[in-house]
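Undergrad: I have a structure I would like to understand better, so I am pasting it below and will then ask my questions one at a time.
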Amino acid sequence: MISEIMSNNRTYPDPSGRPLDYVEISNLSGSVVDISNYKLSDDTTTIGYTFPQGAVLQPYGSMVCWCDSQGGDSYASFGISKDGDETVYLY
């Protein structure tokens, strides 16, 4: 499930130190969940990020997906509106 969406982030930096938007995905079950090839997007016509092979969520664990409009292998290629008028989809 999508457990948190952060836009206009100023306090929680990515591993390189940049304060990017992010989406947190959580596993609410007591089992490991393989999310390989799950997709994340901010619209219904394009895919902003595909989780790589081997991506798993541990029982009751979570994972942050950073958003950067420049994209890249480990970042979703969209930003999140700070106005709250946007939907984020997990497929």
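The values are calculated or read from the model by the stated rules, or taken from the named source; none is laboratory data. Given the structure is predicted, the values throughout are model-derived calculations rather than measurements. Note that we place each Cβ from the backbone using ideal geometry, even for glycine, and neighbour counts take in every protein chain shown. Remember, those area values only see protein heavy atoms, side chains included, never the ligands or the DNA or RNA. Shrake-Rupley method; radii C 1.70, N 1.55, O 1.52, S 1.80 Å.
Undergrad: Look at Glu24 and say whether it is among the charged types (D, E, K, R), part of a strand (DSSP E or B) and open to solvent by 50 Å² or more (accessible area, probe 1.4 Å).
TA: Against the criterion (among the charged types (D, E, K, R), part of a strand (DSSP E or B) and open to solvent by 50 Å² or more (accessible area, probe 1.4 Å)), Glu24 does not qualify.
Undergrad: How about the range 29-41: which of its residues are within 15 Å of Tyr91 (Cβ to Cβ) and either more than 10 Å from the chain's Cα centre (by Cα) or surrounded by fewer than 16 Cβ atoms within 10 Å (Cβ to Cβ) (or both)? Don't jump to the end; show me each part of the working.
TA: Filtering the range 29-41 down to residues within 15 Å of Tyr91 (Cβ to Cβ) leaves 33-41.
Across the range 29-41, the qualifying residues are Val33, Asp34, Ile35, Ser36, Asn37, Tyr38, Lys39.
Undergrad: Within the range 6-21, track down each residue that is charged (D, E, K, R) and farther than 16 Å from Tyr49 by Cβ.
TA: The answer is Arg10, Arg18.
Undergrad: Would you check if Asp83 is exposed (fewer than 11 other Cβ atoms within 10 Å of the Cβ), under 22 Å from Ser7 (Cβ atoms) and modelled with pLDDT under 95?
TA: Criteria met by Asp83.
Undergrad: Is there a residue being part of a loop (DSSP other than H, G, I, E, B), open to solvent by 50 Å² or more (accessible area, probe 1.4 Å) and free of Cβ contacts under 8 Å to residues at least 12 places away in the same chain anywhere in the range 51-70?
TA: Within the range 51-70, one or more residues are part of a loop (DSSP other than H, G, I, E, B), open to solvent by 50 Å² or more (accessible area, probe 1.4 Å) and free of Cβ contacts under 8 Å to residues at least 12 places away in the same chain.
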